[in-house]
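Here is the structure we will look at, set down as structure tokens.
The values are calculated or read from the model by the stated rules, or taken from the named source; none is laboratory data. In this text the structure is predicted, and so the values were computed from the model without any measurement. When we count neighbours, we look across all protein chains shown, and the Cβ atoms used for this are built from the backbone with ideal geometry, even at glycine. Note: accessible area is taken over every heavy atom of the protein model, side chains too, but ligands, DNA and RNA are not part of it. Shrake-Rupley method; radii C 1.70, N 1.55, O 1.52, S 1.80 Å.
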Protein chains: 2
Amino acid sequence: MGEAVREPRQDRSRATRGRLLAAAVDCLAEVGWTGSTVSVVAERAGVSRGAAQHHFPTREDLFTAAIAYVTDERVEFLRAALPTLPPGPDRTRFVVDAIGEMYAGKLFKAALQLWVAAASDEQLRAQVLPLEARVGREAHQLTVEALGADESHPGVREAVQATLDLARGLGLANLLTDDTKRRHRVLAEWATALSAKLATLP
Amino acid sequence: MGEAVREPRQDRSRATRGRLLAAAVDCLAEVGWTGSTVSVVAERAGVSRGAAQHHFPTREDLFTAAIAYVTDERVEFLRAALPTLPPGPDRTRFVVDAIGEMYAGKLFKAALQLWVAAASDEQLRAQVLPLEARVGREAHQLTVEALGADESHPGVREAVQATLDLARGLGLANLLTDDTKRRHRVLAEWATALSAKLATLP
DNA sequence: GGTGAAACAATCAAGCGTGCATGCTTGAAA
DNA sequence: TTTCAAGCATGCACGCTTGATTGTTTCACC
């Protein structure tokens, strides 16, 4: 088992912790909330169940940390994807597509499992709500900037929110089947309507 | 698996079966997929666990039937809500709002639990997919009729689908918090855009 | 009214996930 | 080198859920 270079004490511990969190997110996306037992997560992380229990005494501790972890990952994803879009007439199209991809990926699937599980778990809900709100604010802000939209105009704020809500709905549809083709068609149509809306008042 | 769908001979039996299915849907919406044990469902239905087991030998049998049940309920809901909308200039607004309500209600919450659980359960997915597809087709068809839209025009079909996907996304946002106010604002804005789109080519 | 099958109830065994308690290993400081 | 705490591994007990078994009641039909 002891393979590769043994890291210094603290770094190795941090690495184990990180592997556990990454494995928790992967498991959520692949085997769901109920299927993500600590044994399964630990095995995927390549550590023993006892090691997992050392870092996260209870299962709740593990997934509480996983929520924060996946939140950071999603914000990071958005920050990385949105600002690099080329300016020009098709910018709206690119932005809308990028958001669509974000809500079709592994991170969203994992977050969705937490989101739905939190609907019937008070403890979890208390953890999920503030962090999801942060993702929402961040996504909204980044989208406004990427689109170059002016929220002081009436309806613009709602149009941006609708874009994010639409992406969520499309992401949901993408859970059970690969909905990529339909998503691109819908988003393409949506992008034209959105850029028309934004063009009326710049 | 090939079971002859045995018709209950007695009214009492049929009533018990119906209560179990209704209770299963309620439990899904309130305590989620993992919390909906057969004991919980049976207790809510006011029958013993043995009675539940008589009607549905396994838990899978129970929720397989519950999927079909909630599907029928959702289609019924749509059929009842959409065609009764008053015609006129605000019809688009009414239709969009009605769809939004549909995806904010108990039936959607229950279906969402099944949907997410099915993402990591092959058996469940096989049951959910065709029935959800039926709900999707039905919702699309009814929406087109209620809007009086002509799908032969380019973009109209995508606009209707976007309406449904947007409603799904808003319904998801409505899971953990009461999102009614924001939903109405977003849908109002979308309704104006949608009616503008539909008005360009009638 | 008796009979048999369906409907309902109660109990039991097995599997699984969690949490705890107990050891072993590592590595840095004394 | 010795020491000691953090990191890690293993085994066990408890609670919960499921599915099967057996017993009891209800009801249609002869």
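Tabulated results
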item: Angle between chain B longest axis and helix B:106-118 axis [Cα atoms, degrees, rounded to 10]; result: 70
item: For the protein assembly as shown, diffusion coefficient by Stokes-Einstein and Kirkwood Rh (Cα), 4 °C, 1.567 mPa s, µm²/s; result: 57
item: Degrees between helix B:59-81 axis and first principal axis of chain B (Cα, 0 to 90, nearest 10); result: 30
item: Sum of side-chain charges, A:Thr34 neighbourhood, beta-carbon under 13 Å (Lys, Arg +1; Asp, Glu -1); result: -1
item: Nearest-0.05 FRET efficiency for A:Thr200 and B:Leu129, computed from C-beta distance (R0 45 Å); result: 0.65
item: log₁₀ of I(q)/I(0) at q = 0.13, 0.15, 0.18 Å⁻¹ - the range B:11-199, Debye sum with one point per alpha carbon; result: -0.72, -0.89, -1.14
item: For the range A:111-202, accessible area per residue (1.4 Å probe, heavy atoms of protein chains only), Å²; result: 40
item: Inter-site label distance for B:Thr180 and A:Ala15 at 7 Å from Cα along Cβ, in nm; result: 5.4
item: Accessible carbon and sulfur surface of the range A:88-202 relative to its total accessible area, %, 1.4 Å; result: 53
item: Surrounding net charge for B:Pro130, when Lys and Arg each add one and Asp and Glu each subtract one, Cβ distance under 15 Å; result: 0
item: The range A:72-183, dipole about Cα centre (Lys/Arg Cβ +1, Asp/Glu Cβ -1), debye to the nearest 20; result: 220
item: Drop in accessible area of at least 10 Å² in the complex versus isolated chain, residues of the range A:174-195, 1.4 Å probe; result: A:Leu175, A:Leu176, A:Thr177, A:Arg182, A:Arg185, A:Val186, A:Glu189, A:Trp190, A:Ala193
item: Dipole magnitude of the protein assembly as shown, debye to nearest 20 (Cβ charges: Lys/Arg +1, Asp/Glu -1, about Cα centre); result: 400
item: Rough spin-label spacing in nm, given labels placed 7 Å along Cα→Cβ, for B:Thr192 and B:Thr58; result: 5.5
item: Of A:Lys109/B:Lys181; A:Lys181/B:Lys106; A:Lys106/A:Lys181; A:Lys106/B:Lys106, those spanning more than 21 Å from alpha-carbon to alpha-carbon; result: A:Lys109/B:Lys181; A:Lys181/B:Lys106; A:Lys106/B:Lys106
item: Efficiency of FRET from Cβ geometry, B:Ser48 and A:Glu76, R₀ 51 Å, rounded to 0.05; result: 0.50
